[in-house]
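Working notes, beginning with the structure itself.
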Amino acid sequence: MKKRALALFMAVMLTLQMTGCSTGTKEQDTTAENKTQSSIKDLFNSGKNGKEDAKKEQADKEKETEDDKNDIVIKENEADGEEEDKEVRYQDDYYEFVNQNLLSKIELAPTDAHWDWFGELNAVVSSEMEEIIDELASDGKTYEKGTSEQKIKDMYECVTNMENRNETGLGPLKPHMDSIRDAATIEEYVDALAHLSGEFGFSSIVGGYNIMQDKADSSEYAVYMMYADTLIGKEYIEGENTQEYVDMYLDYINDMLMEFGMTANEAAQSTDSIEELLRKICASTLTTEQMYDPAITYNVYTQQDLQKLYTNVDVPRMLKTLKIDGQDKYIVMDVEQAKTINSLLVEENLQALKDYSTFVMLNDTAKYANATYAKLSDDMKNALYGITESWGDEKTWKNLTQDMLPWDFGMIYVKEHFSPEDKEAVERMIGQILAEYERIISRQEWMSDATKKKAIRKLETMQVKIGYPDQWPAARDMMQVTPISEGGSLLSNLLVSMQVAIDDSLNKLGTKVDRSEWDVTPQTINAMYDPLNNEIIFPAAILQAPFYDSDNSDGANLGGIGFVIAHEVSHAFDSSGALYDEYGNYNVWWTDEEMAEYKKMSQSIIDYYSGYEMMGTKVNGDLTLMENIADLGAMTCITSIIGDDAKALDEAFGQMTYNWASEDTASFMMYLLNTDTHSPNKVRVNAVLSSCDAFYKIYDIKETDGMYVAPEDRVGIWK
C-alpha cells in the first residue's frame, strides 16, 4: 500500500478525488485502469490451486535426484521477449513459484500497461459503477437538482456529448488563458497566475498553494506554498535510461501547442524554450525521497521572508489575489526550487514562461476538452506506459464520469457493497496487530525505555478508519453539475469542481482540524497511513478477496489483509513517519543515539534493496526506503502473531505473495523504477521473505539457493 505523501503531491487537484493506488506517487491513473481476459473468480482460483499443484509437483521431482534441484534457471524478463520453458523452485524464487500458474493466465491487453489485484478489483468496482451510469442514462427520468442521480446523469451527458465538447473547445478557459498570453510584463504574468490559482487551483510556475494540516501543530491548518509543475518529472528529465521518453514528451508539447494555434515554427521554438526552463527547474528540485523528509520540506516563512525569497514578485499582491494573505506563516516546501523560479522571473524569459504556463493548462485540462486534445493526452500516456491501444470511448467516458463525482459514487457503493460483519472482523485483526507491534517495540534493545513508551503511546492513540465516513465531505454537496440544456459543458463543470476544491480548502483555514474527515473515497482499492492524523485508513473496497475473505484461514487472512494492516501501522515508524509524534506533529522524539542507530539500519536496508534489479535496472533503495521498512515490519508483525505454526506461516507467506502478483509492460516497469516509492512487486516479496527468519524455519532454504540471505545480512528496523 502507499503511505500518503504529506502534501508531497497534494497540490489542488483537477477533481475532488485523491488518486488511490497501489503504486506510484503523483498520478497513477493507469495502475487502477486495468482489465484482463479472465474473470476475477477464475484468476483467484487458478492462483490458489496453482501454488498447491506446484508444491506437489516440485516435491515429486525433488525425490528423483538431488542434482536436479540446482539445475534450474529462474524465469526472468528476456531482452528479446521470448519465453522458454523454465522450472521454478520456491527456494530460488518464491514469488514466481507461487504465482506462476496465475501469471501464466495473465496476458496484458493492448490497452493495459499493468496488471495487479488492485487494478483487477478496481475494474470490478468500476464495472459496478458503470451499471449505475447505464441505468441512469437510459431511464428517461428527471431527477431533483443536487441529487447524486441528477449529477451523475447530467455529467455523463457532458462527458459523452463530443459535439458539445468540440464546439466548446477551450471556451470556458479562454479568458483565463488570454490573461497569460496577453501579459506584457512579469508583474502581469504573475498576477495572471495568481488569479488562476486563487480561483481554480491551476499551478504552473509560481502562485500555487495547498491548505493542509500544519506539521508542527496538526490541530491547525497552514498554507503550503507549492512548487512548480515539472511536467514529465525530475526523474525522467535527469534519468540515464529515460531520455527517449523525454523526447516523446517534448513532441507531445509541440503537438499540443500546434493544436492551440501556433505555427509549426512557433511551436518548435516554444517547445525548445519550455525544455530549457524545465531542465533548469528540475536541476534545483528536490528528489521524491527528499520530499518525504519534513526536516527538508517544513520551512517556515513570514510574508516578509517570502518577499525576500521572491524578489521578482510583489508578494503581498500575490497573496491577496490568492486569498491567503494575513497568515502568520507560510510553509515553503522546496526552497532551492523557489530560488531558481525567482531567478527565472525576468523579462527576457517572459515569452518562455507564458508558453510554459500555457502548456501546463492545456495538459491539465486535455482529457476534459475537445477530441483532439483528449487524444493527444491519451496517446502520450500510452506511449509513456507502453500501452499500444486506447480504450474505447464508452469505457473512457464512464471512468471520467466517476472521476468527476467520486463522493456521489462512493455513497452509492457503500449502500450496495459493504459488509458490517467484515468490518468487525478486520477491526479485531487490527487490535491484534497493534498489540503485537507493542510487543515488538518493547523488545528492541536499541531503544530506551522512555522512547519505547512514546512509541507505544503512538500505537495506543492511533485512529482507525474503516469503510466510509460517518459524515460525507462538504465538497460532495458543494459540487453541483450544470447540464448541457442549461449551458453547461464538461469543461465548465470541471472548473466548477476546481472552484469547489479551492473554496472547501479556504473554508478550513483558521478552523480547527476535524480528524474524523475522510479524503479517501470508500470505493478506493487502497489502504494508507496518515502521519498528520496518526491514523490508518481502510476504504470499504479493499475489504474483499484476495486481500480479505471470511472463508479463508486465519493464516491466509493474516498474510492478506493482515499484512496490509501491519504495513500501514509500520508506516508510523518508518523513516518519515517516525518523525511525527502521537498527535501527528513533526517532533523528533528519539535520542541522538537512537536516531544514529536507526539511520544505520536504514542504510543497510537501502544497500540491501539496491542489490535487486528489474530489466537490468537497479532498485532505488533510497526512493523505496519507507515502503521497504513498512514491508519488513509488517512481515515481522504477522509472523510474530502466528508464531511456530508452520501451516499458518505457509498460508500467510503464500497469500501475501499471491496478493502482490503483477505484470507490467517494459515501459511501465521503467516508470515505476524511476518514480514509485515501492519496490517492484516481485522484489517486495522475495526481498522481504529472504530477510524473514520464520521463512527459513518452515522451508528448506540452503546457502546455494536463490532465496538465501545470510542471517547477519537480513535487514529490518523492527525485528
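The values are calculated or read from the model by the stated rules, or taken from the named source; none is laboratory data. Just so you know, these numbers come straight off a predicted model, no measurement behind them. Neighbour counts run over all protein chains shown; Cβ positions are idealised from the backbone, glycine included. Accessible surface areas use protein heavy atoms only, side chains included; no ligands, DNA or RNA. Shrake-Rupley method; radii C 1.70, N 1.55, O 1.52, S 1.80 Å.
All conditions but one from (1) surrounded by 16 or more Cβ atoms within 10 Å (Cβ to Cβ); (2) over 29 Å from the mean Cα position of the chain (by Cα) apply to Gly207; the one that does not is (2).
Are any of the residues in region 451-464 among the hydrophobic types (A, V, I, L, M, F, W, C), at pLDDT below 95 and surrounded by 18 or more Cβ atoms within 10 Å (Cβ to Cβ)?
No, region 451-464 contains no residue that is among the hydrophobic types (A, V, I, L, M, F, W, C), at pLDDT below 95 and surrounded by 18 or more Cβ atoms within 10 Å (Cβ to Cβ).
Checked against the criterion of being of a type outside the set (S, T, N, Q), under 26 Å from Glu167 (Cα atoms), at pLDDT 95 or above and crowded, with 16+ Cβ neighbours inside 10 Å, region 339-354 has at least one qualifying residue. Within the option set Asp272, Asp191, Asp247, Asp251, being assigned to a helix (DSSP H, G or I), crowded, with 19+ Cβ neighbours inside 10 Å and not aliphatic (A, V, I, L, M) holds for one residue only, Asp191. Here the condition is being of a type in the set (S, T, N, Q) and touching a strand residue (DSSP E or B) at 6+ places or on another chain (Cβ under 7 Å); of Gln243, Gln213, Gln150, it holds for Gln213 alone.
Select from region 526-552 the residues that are over 23 Å from Leu579 (Cα atoms) and either open to solvent by 10 Å² or more (accessible area, probe 1.4 Å) or touching a His at 6+ places or on another chain (Cβ under 6 Å) (or both) and list them in ascending order. Correct list: Leu543, Gln544, Ala545, Tyr548, Asp549, Ser550, Asp551, Asn552.
Does Pro420 count as closer than 19 Å to Phe538 by Cβ and either surrounded by 18 or more Cβ atoms within 10 Å (Cβ to Cβ) or in contact with a Ser or Thr (Cβ under 6 Å, 6 or more places away or on another chain) (or both)? In short, no. When you look at Thr185, is it crowded, with 19+ Cβ neighbours inside 10 Å and either over 20 Å from Leu277 (Cβ atoms) or not small (Gly, Ala, Ser) (or both), yes or no? So Thr185 does not fit the description; no. Against the conditions (1) outside any helix (DSSP H, G or I); (2) over 26 Å from Ala540 (Cβ atoms); (3) touching a residue at least 40 places away in the same chain (Cβ under 8 Å), Glu445 satisfies every one except (3). Which members of region 474-528 meet the condition of being among the β-branched types (Val, Ile, Thr) and in a helix (DSSP H, G or I)? Selection gives Ile484, Val496, Val500, Ile502.
Within region 589-648, the set of residues being without any contact (Cβ under 8 Å) to a residue 40 or more places away in the chain and under 28 Å from Met429 (Cβ atoms) comprises Gly643 only. For region 286-339, the set of residues classified as over 28 Å from Ile606 (Cβ atoms), part of a helix (DSSP H, G or I), of a type in the set (A, V, I, L, M, F, W, C) and in contact (Cβ under 8 Å) with a residue 60 or more places away in the chain consists of Leu306, Met318, Leu322, Ala338, listed by residue number. In region 135-157 there is no residue that is under 30 Å from Glu663 (Cβ atoms) and in contact with a Phe, Trp or Tyr (Cβ under 6 Å, 6 or more places away or on another chain).
Condition check: at pLDDT 95 or above and surrounded by fewer than 23 Cβ atoms within 10 Å (Cβ to Cβ). Does Gly633 satisfy that? It is false that Gly633 is at pLDDT 95 or above and surrounded by fewer than 23 Cβ atoms within 10 Å (Cβ to Cβ). Here Leu494 clears all of (1) in contact with a strand residue (DSSP E or B) (Cβ under 8 Å, 6 or more places away or on another chain); (2) buried (at least 19 other Cβ atoms within 10 Å of the Cβ) except the condition numbered (1). Lys381 passes every criterion in (1) over 21 Å from the mean Cα position of the chain (by Cα); (2) of a type in the set (Lys, Arg); (3) open to solvent by 50 Å² or more (accessible area, probe 1.4 Å) apart from (1).
Residues in region 652-669 that are crowded, with 22+ Cβ neighbours inside 10 Å and either at pLDDT below 95 or of a type in the set (Asp, Glu) (or both): Asp664 only. Remark: pairs (first residue in region 142-162, of a type outside the set (Ser, Thr, Tyr) and at pLDDT below 95; second residue open to solvent by 30 Å² or more (accessible area, probe 1.4 Å) and in a helix (DSSP H, G or I); Cβ separation under 6 Å; 6+ apart in sequence or on different chains) are absent.
Could you tell me whether any residue of region 591-609 is crowded, with 18+ Cβ neighbours inside 10 Å and in a loop (DSSP other than H, G, I, E, B)? Taking every residue of region 591-609 in turn, none turns out to be crowded, with 18+ Cβ neighbours inside 10 Å and in a loop (DSSP other than H, G, I, E, B).
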